[in-house]
Amino acid sequence: MQLHASRLIRSPWLGGSAAALAVVLWALVPLLVDGAGELPPLRLSTLALLAGALGTLPMARGGRRRDTGLSRGHGLMVHAGVPLLMAGAVGACFASFSLAPPAEAALITYTWPVLFLLASRWRVLGRLPLATLGGALLAFSGAALLVAPQVLSGGFSGAWGGYGLALVAALCWALYSLACQVPGWRLGERMPHLLLVASVMTGVASLLLDGVSELPSPSALLATAALGLGPYGIAMLAWDRAMRDPQAQRVGNLAHAVPVLATLFLVLAGVTAPDWRLPVAAVLVLAGSMTASR
């Protein structure tokens with residue numbers, strides 16, 4: 001979700017290929033979380049973020065440069081605020097999968113591109129164009145299609161807490177994407193450090209809330225390692241490279257395909273039963289995101 005442009009990539013295909021790889025890996029998150037289902041959400045977040053920190057070590061070479069461009073306030077935001085956003089995004093996302101059907105929680109979480117677009121357009125233009133508002137409303141109608149039946153039938157019970165956590169995760173990812181645009185912060189170069197700090201944060205919360213538990217099974221550890229090395233390791237590397245492409249803005253639109261692929265993977269794996277609401281909601285989220293970004 002690195003959204004700033006730095007060095008340009010010469011090949012016209014490399015940026016799109018890297019973005020497509022990141023999108024596919026992000027879409028696998030709900031399925032991998034289901035595979036590590038025996039782990040509490042905070043414990044799973046800790047291990048996944050730690051695996052992501054190890055997976056992004058090749059980017060650590062730039063972190064050896066002195067942070068001469070960061071003031072004390074900016075340094076605090078980078079080294080504490082950004083990991084807190086990461087921990088909130090991953091922890092809330094995983095917790096939402098345990099409280100709500102994974103496909104529905106994933107669709108709500110992956111409205112983050114629309115939230116980011118709204119915030120960035122307001123920051124740059126000081127207003128929200130009608131196309132942006134209409135696209136955001138269309139995308140949220142997809143999430144509402146999933147949430148409304150639960151609310152009408154059960155009020156604020158059932159999966160409503162999972163829907164709320166999924167929205168928290170979306171907000172955290174949107175704020176993190178805004179942080180990626182701040183000049184001089186160089187979040188991509190600091191990725192291993194940021195993920196490690198976020199892992200410590202979720203680890204402390206897990207010890208306080210979950211206590212000490214037995215070691216997870218080998219299959220759960222394997223799913224957790226894949227979760228960290230893929231969506232929070234290779235995908236972050238690939239997305240950073242894609243956003244250095246001359247066509248970064250067009251390539252970035254591929255992120256809106258994540259909820260569609262996530263739903264498709266869950267249905268194909270048999271985790272989620274086919275439901276007419278899921279494909280319709282996925283199409284609405286995708287159409288709204290594309291409309292808002294025009």
If we ask which residues in segment 51-79 are open to solvent by 70 Å² or more (accessible area, probe 1.4 Å), over 19 Å from Cys180 (Cβ atoms) and at pLDDT 75 or above, their number turns out to be 3
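Go through Ala223, Ala242, Ala282, Ala235 for me and flag whichever is within 18 Å of the chain's Cα centre (by Cα), within 23 Å of Arg190 (Cα to Cα) and at pLDDT 75 or above.
Values: Ala223 fails: within 23 Å of Arg190 (Cα to Cα); Ala242 fails: at pLDDT 75 or above; Ala282 fails: within 23 Å of Arg190 (Cα to Cα).
None of the other options fit; the residue is Ala235.
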Residue hits (segment 194-210; open to solvent by 60 Å² or more (accessible area, probe 1.4 Å) and over 18 Å from the mean Cα position of the chain (by Cα)) are Val200, Val204, Leu207, Leu208, Leu209, Asp210
Scanning segment 7-32 for residues that are at pLDDT 85 or above and β-branched (Val, Ile, Thr) gives Val23, Val24, Val29
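Yes/no per residue for (1) in contact with a Phe, Trp or Tyr (Cβ under 8 Å, 6 or more places away or on another chain); (2) among the β-branched types (Val, Ile, Thr); (3) part of a helix (DSSP H, G or I):
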| site | (1), (2), (3) |
| --- | --- |
| Ser177 | yes, no, yes |
| Leu194 | no, no, yes |
| Val200 | no, yes, yes |
| Leu207 | no, no, yes |
| Pro216 | no, no, no |
| Ser219 | no, no, yes |
| Leu227 | no, no, yes |
So, first residue part of a helix (DSSP H, G or I) and among the hydroxyl-bearing types (Ser, Thr, Tyr) in segment 87-101, second residue open to solvent by less than 20 Å² (accessible area, probe 1.4 Å) and modelled with pLDDT under 90, Cβ within less than 6 Å, six or more apart or across chains; the pairs are Ser96/Ala105; Ser96/Gly162
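The values are calculated or read from the model by the stated rules, or taken from the named source; none is laboratory data. Quantities reported herein were computed from a predicted structural model and do not represent experimental measurements. In this analysis, Cβ positions are derived from the backbone assuming ideal geometry, glycine residues included, and neighbour counts consider all displayed protein chains. Each accessible area value is taken on the protein alone, full model and side chains, heavy atoms only, with ligands, DNA and RNA left out. Shrake-Rupley method; radii C 1.70, N 1.55, O 1.52, S 1.80 Å.
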